[in-house]
Amino acid sequence: MSEAVVSGTGARPAKPRRNPLTYLVVAALLWWTWYAAGQVGFRWSTFVDVWTNPLWEKFWPIPWDWVLDRGNVIDPLVETFQIAIVATVIGCGLALPAAFAMSRLTTPNSPVYWISRVFMSVVRAVPDLFWAKILVTAIGIGAFAGAWALSIFSFAVMVKLFSETIDGADDGPLEAARAAGARHVPAVRTGVLPTVLPSYVAYALYVFELNIRASIVLGLVGAGGIGRVVEAQRSFFRFDRILGILVLVFVVVFVIEQISVALRRRLV
């Protein structure tokens, strides 16, 4: 107890001194940020210059008759949803056994555990945009390449999230199943899967949200969907049409996100 409390004077305790090392770390971080900004040509005036660019005048007015035309925007937007749905089902379906193999709680043995971790590290190291460019080159331009690229992306995200959830699960039911003589797979299916299944469904809904946004970006490299339309309009400098597409996408994504959040709250 402090002297102030012991003596009963009611005085506030002395403020602890800060470690000098903290000031050195903050100073080093500020210096490194300033040095890196100089190396990349960072200028504060850019924040003002970008908003005074005449480019912004080309975003208005929005040609809603063109934006709401089925052949121009609606059909590619539906294709974007189709890509996201296929990728979510394939990626999350493959992630279910992979996450159990990657978790220390449910992995059958050490070799499977380490092989799965190394494999997933390699998959996660490659960005989804690079996967899309590789698959567009190998398969061809279109939604099929986008669906495959997003499937790999969904698989990587889902395995990471779900394996960490399995690691935190209660091991009591699993040990009880093993003590009763159950083999590995039946013991995991009855001892762990029921407790983590709501989290799995919630993560799948979250991955679907990510896929909707990512599929728009992948379309910029020829992987189909609404991103292909955005890239085509950008090449013709039709930024008014691009703004209309972005407004439409924002409304649709916002509705889907609210539905997904409501479902996740009921599950977890």
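The values are calculated or read from the model by the stated rules, or taken from the named source; none is laboratory data. Everything quoted here is computed from the prediction, not taken from an experiment. Glycine gets a Cβ as well: all are built from the backbone with ideal geometry, and neighbour counts include every protein chain shown. Only protein heavy atoms, including side chains, enter the accessible area calculation; ligands, DNA and RNA are left aside. Shrake-Rupley method; radii C 1.70, N 1.55, O 1.52, S 1.80 Å.
Quick notes on this one:
- When residues of the stretch 174-192 are limited to those that are free of Cβ contacts under 8 Å to residues at least 12 places away in the same chain and open to solvent by less than 80 Å² (accessible area, probe 1.4 Å), the one farthest from the chain's Cα centre (by Cα): 181
- Extreme residue, surrounded by the most Cβ atoms within 10 Å (Cβ to Cβ), among residues of the stretch 45-81 that are aromatic (Phe, Trp, Tyr) and under 30 Å from residue 144 (Cβ atoms): 81
- Filtering the stretch 117-173 to residues that are among the aliphatic types (A, V, I, L, M), surrounded by fewer than 20 Cβ atoms within 10 Å (Cβ to Cβ) and more than 16 Å from the chain's Cα centre (by Cα) leaves 118, 122, 134, 138, 139, 141, 169.
- Of the residues making up the stretch 52-99, those that are within 30 Å of the chain's Cα centre (by Cα) and over 30 Å from residue 260 (Cα atoms) number 2.
- Filter result for residue 94 (surrounded by 19 or more Cβ atoms within 10 Å (Cβ to Cβ), among the hydrophobic types (A, V, I, L, M, F, W, C), within 29 Å of residue 254 (Cα to Cα) and out of contact with any Lys or Arg (no Cβ under 6 Å at 6 or more places or on another chain)): no
- Residue check, residue 219 surrounded by 14 or more Cβ atoms within 10 Å (Cβ to Cβ), touching a residue at least 40 places away in the same chain (Cβ under 8 Å) and assigned to a helix (DSSP H, G or I): yes
- Residues that are open to solvent by less than 20 Å² (accessible area, probe 1.4 Å) and not hydrophobic (A, V, I, L, M, F, W, C) were ranked within the stretch 97-108; the one that is farthest from residue 243 (Cα to Cα) is 106.
- The residues in the stretch 222-268 that are among the charged types (D, E, K, R), surrounded by 14 or more Cβ atoms within 10 Å (Cβ to Cβ) and assigned to a helix (DSSP H, G or I) can be counted, and the count is 6.
- Candidates 62, 115, 85, 90, filtered to the one that is hydrophobic (A, V, I, L, M, F, W, C) and within 26 Å of residue 240 (Cβ to Cβ): 62
- If you check 173, 186 for being touching a Gly at 6+ places or on another chain (Cβ under 6 Å) and over 20 Å from residue 213 (Cβ atoms), only one passes: 173.
- Entry remark, the stretch 160-203: residues being of a type outside the set (A, V, I, L, M) and not in a helix (DSSP H, G or I) number 5 in total.
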